[in-house]
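Working notes, beginning with the structure itself.
Readers should treat all values here as calculations from the given coordinates under stated rules, not as data from a laboratory. Note that the structure is a prediction, hence the values are computed from the model and not measured. When we count neighbours, we look across all protein chains shown, and the Cβ atoms used for this are built from the backbone with ideal geometry, even at glycine.
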Amino acid sequence: MSSYCTAARGHEVHGPYHDTEYGFPLSGDDALFERLVLEINQAGLSWLTILRKRDAFRAAYDEFSVDRVAEYGDAERARLMNDAGIVRNRLKVNAAIENARRIRTLRETHGSFDAWLRAHLREDDGAVRDRESWRRLFKRTFVFTGGEIVNEFLVSTGYLPGAHAAECPVYAKVVAAAPAWKEQGLGTRD
């Protein structure tokens, strides 16, 4: 079984996330934005730290409302930088605000963040998009989105396989939820 599947089993924080969220499809802009912001903030830290601060992040970022965060200015930046409940990193705070603005722009052409993601499941030639091409696409579209951030964002939201090993009891639940990777005929990463 993958190491996260093993480590999360029975853990008070990782367990519920692993069993009910990790790898399951997400589609709402605010939910996808939340996961993107959390993945960005995890860079250099443990996922446990981020999960423990999740409620503070939700409060600090207006429940991850894309529209509200996109309107943040200097006062909100200062407030976030002084909020001990979240990760106070200027680059990460600025990335959350800028990425909210970019998601709003994506809505103009695609209707939603999810629709933009689904429109890019395949390359222009019809081939299923691989991890490297996703990384390049995110780098052109968003800020503070390196390879690991993009990979974990896509795996955790059901756009790429690999959240659970096939023998993990949660794997069947994820597959039943029809994640985008399954619709594309992709398999697991063990």
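Data overview
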read-out	value
Nearest-20 debye value, the chain charge dipole, Cβ charges on Lys, Arg, Asp, Glu	360 debye
Once exposed loop GluC sites (Glu not before Pro) are cut out (DSSP; at most 14 other Cβ, 10 Å), longest piece of the chain	13-70
Straight-distance crosslink candidates among lysines, where the alpha carbon sits under 20 Å from K182 and sequence neighbours closer than 8 are dropped	K173
In the range 1-76, the trypsin sites (Lys or Arg not before Pro) that fall in loop regions by DSSP, at most 16 other Cβ within 10 Å	R9
Qualifying lysines (Cα of each under 16 Å from Cα of K139; at least 8 residues distant if same chain)	K92
Over the chain: helical MRE at 222 nm, DSSP H runs n ≥ 4 each giving -39500 (n - 2.57), nearest 500	-17000 deg cm²/dmol
Correct choice for percent of Cα pairs over 25 Å apart that was computed from the model, options (1) 31; (2) 34; (3) 25	(2)
